[in-house]
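These notes concern the structure reproduced below.
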Amino acid sequence: MKNIVIALSKGRILKEIILFFKKNNIIIKENIKKTRKLILSTNNKNIKIIIMRSVDIPIYIKYGFIDIGILGKDILKEKKMKKKNYFFKNLNISKCRLSLIVKNKNKYFDNIKNKKILYIATKYINITKKYFFKKNINIKIIKFYGCIELCLLLKISDAIIDIIGSKKTIKINNLLEIDKIIKISSKLIVNKISYKFKKNIINKILKLKI
């Protein structure tokens, strides 16, 4: 049987993905918190694991450097990955949403009413452009990573577009979620060329119990 390489996203969804694999008897041998290895072994000699930034997974999948990737729907939308080019499986784990968040709701809508240019802080450039284009609202995007809520607290932007898992951070900082843009859960995506040549083992991954 041929070997496959699966890329897992770093960050908030990693713990749930590892539990998903354990549930299906695929166990990473190394301690991921301590190891310096970049390609990790599992208890299945034909399955290797790479842990990387979710935004990097699409390019690795596109050019066939990895066979399978697991990442959030937000990244698939942002990178414009179309179903016709890949196989997808919805894992229904790590559920959250991409939302529009403001500090002052009245001021935000007053600015729209007065046709002022809105400053939007986000790392989701394509999703943000599409969202405001549909609403015919003029914006300038501030590309921002890290603690994006600070853009509202320091009055750098009029709004932010970011992931919400729980509402703890926005509640503590008196921020308001005023629109839910995308419902997000983790997706398993497969390179179609990989599937053609490694169909048997990839089908086993696609049939894993959620």
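The values are calculated or read from the model by the stated rules, or taken from the named source; none is laboratory data. Everything numeric in this text was worked out from a predicted model, so none of it was measured. All Cβ positions, glycine included, derive from the backbone under ideal geometry; neighbour counts span all protein chains shown.
Would you point out which residue out of LYS130, LYS79 is surrounded by 13 or more Cβ atoms within 10 Å (Cβ to Cβ), modelled with pLDDT under 95, within 15 Å of ILE182 (Cα to Cα) and of a type outside the set (Val, Ile, Thr)? Lay out the reasoning, then the answer.
Values: LYS130 fails: modelled with pLDDT under 95.
After applying the criteria, what remains is LYS79.
The rows are residues; the columns are (1) outside the structural domain of LYS167 (by TED's automatic domain parsing); (2) touching a Leu at 6+ places or on another chain (Cβ under 9 Å).
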{"site": "LYS45", "(1), (2)": "yes, no"}
{"site": "ILE66", "(1), (2)": "yes, no"}
{"site": "VAL102", "(1), (2)": "no, yes"}
{"site": "PHE109", "(1), (2)": "no, no"}
{"site": "ASN136", "(1), (2)": "no, no"}
Legend entry - Test set (1) within 28 Å of ASP179 (Cβ to Cβ); (2) surrounded by 12 or more Cβ atoms within 10 Å (Cβ to Cβ) - LYS135 fails condition number: (2)
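Select from the range 95-127 the residues that are part of a loop (DSSP other than H, G, I, E, B) and either touching a Pro at 6+ places or on another chain (Cβ under 6 Å) or not basic (Lys, Arg) (or both) and list them in ascending order.
Pass one, the range 95-127, residues part of a loop (DSSP other than H, G, I, E, B): 95, 103-104, 114-117, 123-124.
Correct list: ASN104, ASN114, ILE117, TYR124.
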Inset, instruction - Write out, first by first residue and then by second, each pair whose Cβ atoms fall under 8 Å of each other, whose residues are 6+ apart or on separate chains, and whose first residue, in the range 42-65, is assigned to a helix (DSSP H, G or I) while the second is of a type in the set (Ser, Thr, Tyr). - result: SER54/SER9; ILE57/SER9; ILE61/TYR86
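Let's see how each residue does on (1) small (Gly, Ala, Ser); (2) more than 19 Å from LEU206 (Cα to Cα); (3) at pLDDT 95 or above:
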| position | (1), (2), (3) |
| --- | --- |
| LEU14 | no, no, no |
| LYS48 | no, no, yes |
| ILE59 | no, yes, no |
| PHE88 | no, no, no |
| LEU91 | no, no, no |
| LYS105 | no, yes, yes |
